[in-house]
Amino acid sequence: MRLQNKVALITGAGNGIGRATALLFAREGAAVIAVDIDENAGRATVADIQSQGGRADFYRADVAKDADCAGMVDFAEKTFGALHVLFNNAGIMHAADDDAVATEEAVFDITMAINVKGVFLGCKYGIPALRRAGGGSVINTASFVALLGAATPQIAYTASKGAVLAMSRELAIIHARENIRVNALCPGPLRTDLLMKFLNTEEKKQRRLVHIPMGRFGEADEMAKAALFLASDDSSYTTGTEFVVDGGITAAYVTPE
Ligand code: NAD
């Protein structure tokens, strides 16, 4: 078991990447604090972990709120005694996110509040807890759009993920001598609710698929396995990376037919 005796806090654990990761981390021996703004979804993840004999508890938080982030870290330490892995994963892709001309200021603001400030607040309260535990691993979910521009615009989302990647690099350097590693996970397009709600027609899906060398969307489980590597001691010399798991997108100029 690769996370034996570790405590992991995962935001956005009610669905998609966060849920798949919570289940995998628990199977690998971690005690999991599943955090989500959606109480039903988060509690369902916890129930599934417990039904498989794993250890988990739920904390409801909006990661854009300072007090909620302070509360989730406090809850993790009080419930399981320490915090070793912090997975700042919660994020949104707003349906009305478009190009700079068409995107409303409110859409930009809410996207930055959750996707960027949420990561900052997770670190603000999580890093002191990792220090108290003698070190640990922080994983921040960015995206391949932090590295590549797309003609199908989602300007607030793309800006937010660029910020997550830049913030992750700097955090990695600041904390490198404290036994705290920080990596950004950069998934390609996934078959999760977040993207499938945005690409809500077959035509929009096909428009994306042509750019993926592997010719398919990624799965949440495939991100969970990458997060497991970054969370565990297997990645003990890995920090400050843009850990890309994208079916080959960022390597491609022309994709196969
Ligand atoms: P998802 O929509 O399936 O799950 C996201 C979870 O986050 C949900 O349970 C939701 O309730 C929760 N959440 C939303 N706002 C929150 C808030 N303010 N506070 C706490 N929880 C909140 O999404 P997903 O595809 O699993 O995405 C997870 C992360 O991966 C996001 O940061 C997303 O931007 C990123 N990502 C996704 C894709 C993709 O194609 N799906 C690609 C690259 C990166």
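Since every read-out is calculated from the coordinates, none of them should be taken as a lab result. Only a predicted model underlies this, so the values are computations on that prediction, with no experimental measurement involved. Here the Cβ positions follow ideal geometry from the backbone for every residue, glycine too, while neighbour counts run over all protein chains shown.
At q = 0.16 Å⁻¹, work out log10 I(q)/I(0) for the stretch 1-81 with the Debye formula, treating every Cα as an identical point scatterer and leaving solvent out; two decimals please. Scattering profile of the stretch 1-81, log10 relative to I(0): -0.49. Computed over the stretch 11-129, the percent of Cα pairs more than 20 Å apart is 42. Using just its DSSP H runs of length 4 or more, each adding -39500 (n - 2.57), the chain gives a mean residue ellipticity at 222 nm of -13000 deg cm²/dmol after division by all residues.
Residues with beta-carbon under 12 Å from that of THR79, excluding THR79: net charge, scoring Lys, Arg +1 and Asp, Glu -1? Before the final figure, lay out the partial values.
Numbers: positive: ARG55, LYS78; negative: ASP57, ASP74, GLU77.
So the surrounding residues net to -1.
The value of relative contact order for the chain, using C-alpha pairs under 8 Å at least six residues apart, is 19 percent.
Of GLU202, GLU222, GLU242, the residue with the greatest mean-square motion in the GNM of the chain, using alpha carbon springs below 10 Å, is GLU202. Where the centre of each part is set by its Cα atoms, how far does the stretch 70-122 sit from the stretch 170-189, in angstrom? Taking the Cα centre of the stretch 170-189 as reference, the centre of the stretch 70-122 is 16 Å away.
Roughly how many debye, to the nearest 20, is the charge dipole of the chain about its Cα centre, given +1 on each Lys and Arg Cβ, -1 on each Asp and Glu Cβ, and no other charges?
Numbers: 25 positive and 30 negative charges, 140 e Å.
The dipole magnitude comes to about 680 debye.
Out of the stretch 97-172, which GluC sites (Glu not before Pro) are coil in DSSP terms and have no more than 14 other C-beta atoms within 10 Å?
Numbers: sites: GLU104, GLU105, GLU170; in loops: GLU104.
Here the sparse-neighbourhood loop sites are GLU104.
Are any of the pairs LYS161/LYS205; LYS6/LYS225; LYS204/LYS225; LYS65/LYS204; LYS65/LYS225 more than 26 Å apart by Cα-Cα distance, and if so, which? Let's see the in-between values first.
Working: LYS161/LYS205 21 Å; LYS6/LYS225 16 Å; LYS204/LYS225 28 Å; LYS65/LYS204 33 Å; LYS65/LYS225 29 Å.
Cα-Cα > 26 Å for LYS204/LYS225; LYS65/LYS204; LYS65/LYS225; rest within.
If you take all other residues with their beta carbon under 9 Å from the beta carbon of ILE37, and give Lys and Arg +1 and Asp and Glu -1, the sum is -4. Farthest towards the positive end of the charge dipole of the stretch 1-92, among the residues GLN52, ALA41, ALA8, is the Cα of GLN52, using unit charges on the Cβ of Lys, Arg, Asp and Glu. Over the chain, the pair-distance histogram of Cα-Cα distances with 5 Å bins from zero comes to 1, 7, 14, 19, 20, 17, 11, 7, 3, 1, 0 percent, rounded to whole numbers. Near THR158: Cβ cut-off under 13 Å, other residues only, Lys/Arg at +1 and Asp/Glu at -1. The net charge is -2.
In the stretch 196-257, which chymotrypsin sites (Phe, Trp or Tyr not before Pro) fall in coil by DSSP and have 14 or fewer other Cβ atoms within 10 Å? Kindly include the intermediate steps, with their values, before the conclusion.
Numbers: sites: PHE198, PHE217, PHE229, TYR237, PHE243, TYR253; in loops: PHE217, TYR237, TYR253.
For chymotrypsin sites (Phe, Trp or Tyr not before Pro) across the stretch 196-257 that sit outside H, G, I, E and B with at most 14 neighbouring Cβ atoms in 10 Å, the list reads TYR237, TYR253.
Note on LYS78: aspartates and glutamates with a C-alpha under 14 Å away, same-chain residues under 8 apart excluded, are ASP57. Packing order of peptides 16-23, 81-88, highest average first: 16-23, 81-88 (average count of other Cβ atoms within 10 Å over each peptide's residues).
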